[in-house]
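**Student:** Next up is a structure, given as structure tokens.
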Amino acid sequence: MCYDDRGVSCGDACIEGVPSHETNLSRVLTIAAYKPLCRCAIAIAGAGIAGAWLYRMLTSQGRTVDLYETERPKTACGIHSCAWGVGPGFSPRIERAGLDHDRYIINRVNRVFFRGRNVPAEIFLIDKPALIRDLIEGSEVLRTPIPAHSYDRILDCTGVARAYLPPAIGTDKVCTTVQYRMKIADAPDDQLHIRYGVFKGSWIFPLGNRTCHVGGGCLPDSGDNARAMLQRSGLLDADGQVNGHPGERLCGCTSALRLTGPVESQPHTVPTSEYGCPIWGVGESIGTVSPFTGEGITNALACAALYLCHESDPWAYTAAVLDTFSWITRERKILDARAAGRWFTPFPLKALRQNGRRMGIRFGFWDALAILHEVARY
Ligand SMILES: Cc1cc2nc3c(=O)[nH]c(=O)nc-3n(C[C@H](O)[C@H](O)[C@H](O)COP(=O)(O)OP(=O)(O)OC[C@H]3O[C@@H](n4cnc5c(N)ncnc54)[C@H](O)[C@@H]3O)c2cc1C
């Protein structure tokens, strides 16, 4: 039986996991090689946002699922480095998992500051570690590599690590990042600051209660490094001043972010592997991060919902991922063109405004123009 985005069955009779509307013979034969999904033992690799959400959704269907994580967290908050900002697409996914989204919202921001421009926005700062903890409540997280020949399917939700899928067909664009959690005595809690460039950027995300995430990221082969770039941006200076306000560092971490996009991150699924089973990628492991804003949380959740919808058909899953995230491909084209020194059509303006709205930022025409100008200089 296949399910739509709300988890509702399509109503088609399915034999051995093959939706009856499939006609292509090789496709049907390959899908038929899978066990009926309800009897599959599934290993989820990665208890990040996609893995944790899928764990909850699959176990709520009574499915056999084990959750694997790396040996120990490398960050003070215990999860993969993230600034914890989300747009309006976040809440419906959390409600769908049976949780109250309001419980995780620690701050709301109505304004984004961008080099003196003040853009209306609706961005939420969430307690992401608490959300992940609640999504996987009651599970035993296994901190070992996944044993071979023990599962019928592995879901590679390992984010930037892409630890189980084979390497992507395209050139992987992975940004290195640095981020600090800072306490700032006299800074307003409602000001989010961003600076964007071509595959690089820096930010201040206010978490409320006079704390914030201050960070930056860039490509390692750009001749720059994230820490130096963050300081140059003026958002965090060498004395620990955050945008001119004296700050105290609470913790810090370095990490990475995949800006490759879903087209170049294929394959999204493989039918066989050294683990003796198919592997399906979900979330950042298959490139669902905006290369411009670095937004990946709601996209990882949207991708996990696509998995639930198409888990009996790898072709349909890849097609749905490519279609749903085609805006990421368009965004990549703009940045690639800019990186190659090409400039400038009205098209990026439209795409930038549309994509900003996904993140909850309502760029006006002149804002978008100013940002594109900034991208060129940053
Ligand atoms: C500095 C920084 C700031 C960011 N800020 C934002 C933001 O404000 N808003 C936003 O929307 N997005 C942000 N992102 C992006 C966002 O965090 C990710 O795109 C999103 O969390 C991806 O979700 P995921 O579930 O695919 O992967 P992740 O959430 O990264 O989870 C992957 C999990 O897999 C685990 N793992 C890795 N290797 C293995 C292995 N071999 N075996 C088992 N487990 C493994 C990791 O420990 C991790 O828990 C940021 C990213 C960075 C680096």
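The values are calculated or read from the model by the stated rules, or taken from the named source; none is laboratory data. For clarity, every value in this text was computed on a predicted model and none was experimentally measured. Note that we place each Cβ from the backbone using ideal geometry, even for glycine, and neighbour counts take in every protein chain shown. These accessible areas exclude ligands, DNA and RNA; they are computed on the full protein's heavy atoms, side chains included. Shrake-Rupley method; radii C 1.70, N 1.55, O 1.52, S 1.80 Å.
**Student:** Roughly how many debye, to the nearest 20, is the charge dipole of the stretch 165-255 about its Cα centre, given +1 on each Lys and Arg Cβ, -1 on each Asp and Glu Cβ, and no other charges?
**Tutor:** In total the dipole reaches around 100 debye.
**Student:** About the Cα centre, and with charges only on the beta carbon of Lys, Arg (+1) and Asp, Glu (-1), how big is the dipole of the stretch 50-186? Nearest 20 debye, please.
**Tutor:** 540 debye
**Student:** With all protein chains present, calculate the accessible area of residue 38 using a 1.4 Å probe and round the result to the nearest 10 Å².
**Tutor:** Approximately 100 Å² of residue 38 is accessible to the 1.4 Å probe.
**Student:** Counting only other residues whose beta carbon sits under 12 Å from that of residue 181, what net charge do I get with K and R as +1, D and E as -1?
**Tutor:** Local charge sum for residue 181: +2.
**Student:** Suppose R0 equals 45 Å. What FRET efficiency, 1/(1 + (r/R0)^6) with r the Cβ-Cβ distance, do residue 142 and residue 326 give to the nearest 0.05?
**Tutor:** Approximately 0.80, to the nearest 0.05.
**Student:** On each of the three principal axes of the Cα atoms of the chain, give max minus min coordinate, whole Å, ordered largest first.
**Tutor:** Computed over the Cα atoms, the extents are 62, 46, 35 Å.
**Student:** Now for a separate question. Using helices alone, what [θ] at 222 nm do you get for the chain, with -39,500 (n - 2.57) per DSSP H run of 4 or more residues, divided over all residues and rounded to the nearest 500?
**Tutor:** -8500 deg cm²/dmol
**Student:** What nm distance separates the two modelled labels at residue 374 and residue 315, each placed 7 Å from Cα along Cα→Cβ?
**Tutor:** Going by the 7 Å Cα→Cβ label model, 4.5 nm.
**Student:** Per the Cauchy relation, a quarter of the hull surface: what is the mean projected area of the convex hull of the alpha carbons in the stretch 265-378, in nm²?
**Tutor:** Here the figure is 8.2 nm², rounded to one decimal.
**Student:** Taking a probe of 1.4 Å, how large is the accessible area per residue of the stretch 211-321, in Å²?
**Tutor:** 33 Å²
**Student:** While we're on this one: Give the ranking of 295, 264 by solvent-accessible surface, highest area first, calculated with a 1.4 Å probe.
**Tutor:** 264, 295
**Student:** Just to be sure I understand the model, the point goes 7 Å from the Cα along the line to the Cβ. What's the resulting residue 63 to residue 150 distance in nm?
**Tutor:** Simple spin-label model gives 1.9 nm for this pair.
**Student:** Now, a different point. Protein chains only, probe 1.4 Å: how do 173, 128, 350 rank by accessible area, largest first?
**Tutor:** Descending accessible area places them as 350, 173, 128.
**Student:** I would also like to ask the following. Calculate, for residue 70 and residue 183, the FRET efficiency according to 1/(1 + (r/R0)^6) with r their C-beta to C-beta distance and R0 35 Å; round to the nearest 0.05.
**Tutor:** After rounding to 0.05, the efficiency reads 0.75.
**Student:** Calculate how many DSSP beta bridges within the chain are antiparallel, expressed in % of all such bridges and rounded to the nearest 5.
**Tutor:** In the chain, DSSP labels about 75 percent of beta bridges as antiparallel.
**Student:** Report the calculated FRET efficiency for residue 339 and residue 110 (r = Cβ-Cβ distance, R0 = 35 Å), to the nearest 0.05.
**Tutor:** The formula returns an efficiency of 0.60 here.
**Student:** OK, next. Go through 315-325, 67-77 and give me the packing order, highest mean Cβ count within 10 Å leading.
**Tutor:** The densest-packed peptide leads the list: 315-325, 67-77.
**Student:** Once you have the alpha carbon radius of gyration of the stretch 116-201, what is it after dividing by 2.2 N^0.38 Å, with N set to its residue count?
**Tutor:** Taking N as the residue count of the stretch 116-201, the ratio is 1.61.
**Student:** Need the full-extension length gain, residue 225 to residue 172, defined as separation in residues times 0.36 nm minus the C-alpha distance. One decimal, nm.
**Tutor:** 17.3 nm
**Student:** Calculate, in nm to one decimal, what residue 354 and residue 366 gain on full extension: separation in residues at 0.36 nm each, minus their alpha carbon distance.
**Tutor:** Going from the current span to full extension adds 2.9 nm.
**Student:** Residue 173: which lysines have alpha carbons under 23 Å from its alpha carbon, excluding same-chain residues fewer than 8 sequence positions away?
**Tutor:** The qualifying lysines are 74, 200, 333.
**Student:** Hey, what angle do you get for helix 347-359 against the long axis of the chain, alpha-carbon based, 0 to 90 degrees rounded to 10?
**Tutor:** The two axes meet at around 80 degrees.
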